[in-house]
Amino acid sequence: MVGGVEEILRHHANVLRRMGQRVFVLAGMGKPFTDLFPVEIEPLLGSQNQRIKAAQELCLRGNYGPLKGITSEIFKILQAWSKRLDILIAHNVLHMPFNLPLTLALRRLAFEVRVKVVSWAHDSPYARPNCPDYLTRPPWLSLKLPHPRIAYVTISHSRESDFRKHLPGIRWRVIPNGIDPADFFYLSPDSVRLFEELRFLERDLVVVQPSRITPRKNLELSLKIIHGIRSLGCNVLFILTGAYDHHEGQAVQYYRMLRKMIDELELSDHVAILAEYVFFDGTRLVPHRTFIRDLYLIADLLLMTSRDEGFGLPLLEAGMIKLPIACSRIKPFLEVGTDVCFFRIEDPPLFIAGRIMEYLSRVPTHEMFRRVMREYVWDAICKNDLIPFLRGLV
């Protein structure tokens, strides 16, 4: 079973590599989890290593010889491994008592080698009730002592508060844990690529409309609503998924009218028509069912402005994943829609935009979803917090 700390390490490594950094992972247990960068397993760094356990047991009895010997062995391993590094991030090992020789070797490494050591602390026994008495005596006491050449990071302000109280003298930097939507939702590579190019994480609102480009879908109203939402100070992105028939004169004329309208409303940075989308490298996007599902998963709102429909299948799809819905008050939508934002197509677009924003403010999960996407996605954390922090160290 993979624990939370291992997951954080994996995400750090993957995102840092994606951002152009050279990444190496050294662990004491398990197996390599990727072919994208080196992952080395050194059993002496593991908490379950029998030599480590025996040395720590002898240490508790006053015999420090084996502990010193293994510490020197680990130091040499780290010394050789760290020659290719600028920064070494040690996850949860400098304050936990499971491999004291590794802790001592890392502290020595910070003094003797040019590499900058970062202690990434998730937990500490000193911040728990009934901390064992032996941890307050040397050499275990090193688990709580500040080191002048080690930078200290923890994962939340509450942890920082606990650590300041129980591990005095250490200056902490808070960089939170995060989540990777691509990993969590099993998003397709094309979806991840599109979301990055359209700057999903920078948006305040992502609206999706899975409609073909045809007059009865009333897409001109959608554009006016999006313009209204933008005029309310919202950095909105509107994604229109449907295609149009290039050989049908009326469809082509309607599409050109929409394109002109996008330009007139100054929405070119806020509207993406996937039927014509070309990736930055020149390849065309080919939407498929998995891709449409990914859009639903990552969007804030389904918008449907149709004048006429036979049914309301997109409402059912959105309902399956609890995606908020705003749609025109037509009979098919009224039949299947419950607790959605209905509007009349005759209403002023700015009025509809205001209703939608008010509706979203009442959706219990919307603000939390947007906060996660804005503040707790790994790419955003690494870009805004981790990378600047690491650059400051070197």
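Annotations for the structure displayed:
- Exposure proxy shown here: for D263, D385, the number of other Cβ atoms within 10 Å sets the order, fewest to most, as D263, D385.
- Among the chymotrypsin sites (Phe, Trp or Tyr not before Pro) within the stretch 164-272, those in coil by DSSP and having at most 15 neighbouring Cβ atoms inside 10 Å are Y186.
- Dividing the convex hull volume of the alpha carbon atoms of the stretch 183-375 by its residue count gives 123 Å³ per residue.
- Basic side chains Lys and Arg get +1 at the Cβ, acidic Asp and Glu get -1 at the Cβ, and with that the dipole of the chain about its Cα centre reaches some 1640 debye.
- Helical contribution to [θ] at 222 nm, DSSP H n ≥ 4, -39,500 (n - 2.57), averaged over the chain, rounded to 500: -12500 deg cm²/dmol
- Under Karplus coefficients 6.51, -1.76 and 1.60, residue-wise ³J(HN,Hα) of the stretch 95-102 in Hz, glycine/proline x: 10, 9, x, 8, 8, 4, x, 5
- Euclidean distance between Cα centres, the stretch 325-370 to the stretch 117-174, Å: 49 Å
- Mean Cα-pair separation over length for the chain, i.e. relative contact order, pairs under 8 Å, 6 or more apart, %: 13 percent
- Sorting 8-15, 360-367, 338-345 by their mean Cβ neighbour count within 10 Å, with the most densely packed peptide first, gives 8-15, 338-345, 360-367.
- In terms of surrounding Cβ atoms within a 10 Å radius of their Cβ, V115, V278, V174 rank from fewest to most as V278, V174, V115.
- Built amide H within the under 5 Å cut-off of H122, gap 5+: N92
- Here r is the Cβ-Cβ distance between E40 and E112 and R0 is 35 Å; the resulting FRET efficiency, rounded to 0.05, is 0.95.
- GNM remark for the chain: springs join alpha carbons under 10 Å apart, and the peak mean-square fluctuation among N235, N63, N384 falls on N63.
- Near the amide H of G28, within less than 5 Å, lie the amide hydrogens of E42, all on another chain or at least 5 residues away, with H placed in the peptide plane.
- Ordered by the number of other Cβ atoms lying within 10 Å of each residue's own Cβ, fewest first, D281, D294 fall into the sequence D281, D294.
- Proximal aspartates and glutamates to K68, defined as alpha-carbon separation beneath 20 angstrom and excluding residues fewer than eight positions away on the same chain: E42, E57, E112
Bear in mind these aren't lab numbers, they're just calculated from the coordinates by the rules spelled out. Quick caveat, the model's predicted, so the values are computed rather than measured. Cβ: placed from backbone, ideal geometry, glycine included. Neighbour counts: every protein chain shown.
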